[in-house]
Amino acid sequence: MKITHTTVPSDKGPITLYTLTNATGAEVTLSSLGAGIVSVRVPDRDGKLDDVVIGYANAADYFYDGPCAGKVPGRFANRIARGRFTLDGKEYSLAINNGPNALHGGPEGFQNRIWDSAVEGDTVVFSRTSPDGEENYPGTMQVKAEYTWTDDCTLTLHLTATTDAPTIVNLTNHTYWNLDGENSGPVFDHQMWLGCSRYLPTDDTLIPTGEMAAVEGTPMDFTTAKAIGRDIKADFPALNYGKGYDNCWIVDNHDGSLRHVATLESPRSGRVLEVLTTQPAAQVYTGNWLAGSPESVSGRSYNDYDGVAIECQNMPDAPNHANFPSPVLRPGEVYDQTIVFKLNTK
């Protein structure tokens, strides 16, 4: 594996970009800003390389971008209702940055920080110390995001964290995929399968009600692969609230082992993305508010629905739902989750 790096200046310090090139010439570019994936160039069925993730022209444009493109948000990815949670009898109040709710760890969340970085063998390791009280979360947290890229075009992200005091954590990756290439328009014709027979209904601010509902007979059913655009405009509460899919699906038979949870396929390019994870859920977001994003690598702002994010994670608002998997991390424990993006063609 060939790994090269460059450094780009920004107002918040230098950003390091790492490019991992495998034996076939396919490559991934990672950024120390948000421990993010900023480019994935893989062949289509005819061998033509294209960048299949949404990315920006300038490395510093990933600061504070609305889409959170490619990055690792935290401490708590997704939403927390009214920005409040109680831990060991103490209530914590977080910044409100998404309607009435807290989103992705707050305005200065992990996604807007420059992480420390290093190459260790064939792995790029991003790490940072999140101090006690950062964005009002308790405990000093040590966090790592480790990426490997293989000759069969498998990108693995290993996420770990420890803490010196009880806290909450929920980490994911927020890459948007377009398997026809990042400048190819909406992903409505992409076929998607999810290994999830239940999803989380929400209120109109996208906070889960606590119910775990069957997808059968609803537009949320991807247990048989179908085009993303087939039902996206259906008159259904989840789709009306988010202007498309922005919902959490529950992984079937989750037991903490690595499971195949999603497949995305482009009939046009022949590219296939398989997603595997140890996480209990996946938030699927069809880029419903991508318009107005920073200038893309192709020289334009993206439009709504130009990419789809499959964010493997714990369930949104988990601190406030006793029936959801606990997001609490205590001293002596290790938060340890894996997400695998496997790319191929057919």
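The values are calculated or read from the model by the stated rules, or taken from the named source; none is laboratory data. In this text the structure is predicted, and so the values were computed from the model without any measurement. As a convention, Cβ positions derive from the backbone with ideal geometry for all residues, glycine included, and neighbour counts pool all protein chains shown. For the accessible areas, the whole protein counts, side chains as well, though only heavy atoms, and no ligand, DNA or RNA atoms are used. Shrake-Rupley method; radii C 1.70, N 1.55, O 1.52, S 1.80 Å.
Rolling a 1.4 angstrom probe over the protein heavy atoms with all chains in place gives segment 206-301 an accessible area of 40 Å² per residue. What's the local net charge at I80, with K and R +1, D and E -1, over the other residues with C-beta under 14 Å away? Net charge around I80: 0. With no solvent and one equal point scatterer placed on each C-alpha of segment 245-287, evaluate the Debye formula and give log10 I(q)/I(0) for q = 0.23, 0.32, 0.34 Å⁻¹, two decimals. Debye curve over Cα of segment 245-287, log10 I(q)/I(0) at q = 0.23, 0.32, 0.34 Å⁻¹: -0.84, -1.09, -1.14. Charge tally around N173: other residues with Cβ under 11 Å, Lys/Arg +1 each, Asp/Glu -1 each, net 0. For the Cα trace of segment 106-145, dividing Rg by the Kirkwood Rh returns an Rg/Rh value of 1.05.
Entry comment: accessible area of segment 9-162 is 36 Å² per residue, from protein heavy atoms only and a probe of 1.4 Å.
Normalised by 2.2 N^0.38 Å, where N is the number of residues, the alpha-carbon radius of gyration of segment 186-258 equals 1.10.
Shown here for segment 39-92: trypsin sites (Lys or Arg not before Pro) in loop regions (DSSP other than H, G, I, E, B) with at most 16 other Cβ atoms within 10 Å, namely R45, K48.
Return a whole-number percent for the relative contact order of the chain, with Cα pairs under 8 Å and 6 or more residues apart as the contact set.
Answer for the chain is 19 percent.
In segment 4-65, carbon and sulfur make up what percent of the accessible area (probe 1.4 Å)? In segment 4-65, the share of accessible area belonging to carbon and sulfur is 50 percent. Surface composition of segment 79-227: carbon plus sulfur atoms hold 46% of the accessible area, using a 1.4 angstrom probe and ignoring ligands, DNA and RNA. Considering only Cα atoms, the convex hull volume of segment 1-86 works out to 140 Å³ per residue.
Considering only GluC sites (Glu not before Pro) in DSSP loops that have at most 13 other Cβ atoms within 10 Å, the longest stretch of the chain without any of them is 217-332.
Residues within the reach of a label modelled at T160 (point 7 angstrom out along Cα to beta-carbon, backbone nitrogen below 17 Å), restricted to segment 96-127, are 116-127. Listed values (1) 72, 52, 36; (2) 90, 51, 37; (3) 58, 48, 37 include one computed from this model; for Cα extents along the principal axes in Å that value carries the label (3).
The candidates W289, W149, arranged from most to least accessible area with a 1.4 Å probe in the full protein assembly, appear as W289, W149. Using helices alone, I'd like the mean residue ellipticity at 222 nm for the chain: each DSSP H run of four-plus residues gives -39500 (n - 2.57), total over residue count, nearest 500. It comes out at -500 deg cm²/dmol, rounded to the nearest 500.
Of the three principal axes defined by the Cα atoms of segment 18-140, the extents in descending order read 57, 32, 24 Å. Averaging 1/r over every pair of different alpha carbons in segment 141-268 and inverting the result gives a Kirkwood radius of 17.0 Å.
Counting lysine pairs in the chain that sit 8 or more residues apart in sequence, or on different chains, and whose Cα atoms lie under 25 Å apart gives 16.
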